[in-house]
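Participant: One structure, as structure tokens, below. Some questions next.
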Amino acid sequence: MIELKSAGEIETMREAGRVVAAVHAAVRGSAGVGVSLQQLDEVARTVIEEARAGASFLGYHPSFGATPYPGVICTSVNGVMLHGLPTSYRLRDGDLISVDCAAYVDGWHADGTVSFTVGHPRADDLKLVKVAEETLAAGIEAALPGGRMGDIGHAMSTVGRGAGYGMQNDFGGHGIGRAMHESPFVPNEARRGRGLRLRPGLVIAIEPSLMAGGADDYVMASDGWSVCSGDGSRSVHVEHTVAITDDGPVVLTLP
């Protein structure tokens with residue numbers, strides 16, 4: 001069932017979104033050469049606790065996950081596209097990292113992801129992040145009341161594939177609200193004019209992921225969580241929680 005949210009409920013989700021944005025800022029500020037992914041997870045935990053919010057990921061156990069999720073953020077490095085675990089791995093100069101975080105306030109969730117480089121960046125990585133952000137922006141711009149869900153996927157794939165990057169469509173966006181993952185599924189690639197009619201009150205997480213090698217294949221790592229590019233190429237993931245309103249899309253995961 002798809003639940004449309006009231007203006008008050010969307011405002012509470014915006015509060016959760018501000019917590020997510022604060023986590024991203026703190027983690028980005030703490031990330032550096034020699035810093036472990038576990039340390040970044042601790043930074044995120046502190047931000048969430050000080051905001052008196054809850055960590056949506058902690059203990060989450062979907063059907064594809066090998067175990068309940070052990071952290072409050074996903075830390076996906078280099079060839080890991082999605083759901084990377086916050087392990088003892090220490091960041092190295094030139095690493096590319098995506099940080100996914102979801103938090104809840106008064107039972108209402110928000111979900112977002114940022115990607116950035118550590119130390120001296122590779123030019124190709126900077127381009128990959130830039131195009132991913134442009135892909136996400138295109139999807140958000142297409143989230144218009146009266147439009148169709150396929151408009152979002154079409155807009156994103158036009159940008160991402162137009163730049164020559166690979167995209168997968170098994171792990172996409174989702175509805176969000178009282179639960180972190182709700183209906184409907186939000187595809188990364190779709191046909192324009194097809195799918196669910198977008199109505200005011202619908203809140204969705206839009207989250208494209210791109211693989212630099214240009215192929216669409218991916219593999220699950222032995223940890224049972226990390227989704228990696230099939231060819232080992234660098235990958236990125238970006239995401240915002242977006243409310244569809246009468247006035248157009250409103251991003252809820254901003255400071």
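The values are calculated or read from the model by the stated rules, or taken from the named source; none is laboratory data. Remember, predicted model here, so these are calculated numbers, not experimental data. Note: areas computed on protein heavy atoms with side chains; ligands, DNA, RNA excluded. Shrake-Rupley method; radii C 1.70, N 1.55, O 1.52, S 1.80 Å.
Participant: Counting only protein heavy atoms, what percent of the accessible surface of the range 7-154 is carbon or sulfur at a 1.4 Å probe? Write out the running numbers ahead of the final one.
Facilitator: Details: 3100 of 6080 Å².
Whole-percent figure for carbon plus sulfur exposure: 51.
Participant: Could you tell me the accessible area of Tyr89 in Å² (1.4 Å probe, neighbours in place), rounded to the nearest ten?
Facilitator: Solvent-accessible area, nearest 10 Å²: 70 Å².
Participant: Here's another thing I want to ask about it. Relative contact order for the range 73-134: what percent, with Cα pairs under 8 Å and sequence separation of 6 or more?
Facilitator: Across the range 73-134, relative contact order equals 28 percent.
Participant: Express the accessible area of the chain per residue in Å², computed with a 1.4 Å probe while the remaining protein chains stay in the model.
Facilitator: Accessible surface, normalised per residue, equals 41 Å².
Participant: Which one is right for this structure if log10 I(q)/I(0) by the Debye sum over Cα atoms at q = 0.09, 0.12, 0.15, 0.18 Å⁻¹ is calculated from it: [x] -0.35, -0.63, -1.02, -1.47; [y] -0.41, -0.70, -1.02, -1.35; [z] -0.50, -0.72, -0.97, -1.30?
Facilitator: Correct label, based on the coordinates given: [x].
Participant: Can you tell me, using C-alpha contacts under 8 Å and at least 6 residues apart, the relative contact order of the chain as a whole percent?
Facilitator: 23
Participant: Normalised by the residues of the range 17-153, what does the relative contact order come to in percent, with Cα pairs under 8 Å and at least six apart?
Facilitator: 23
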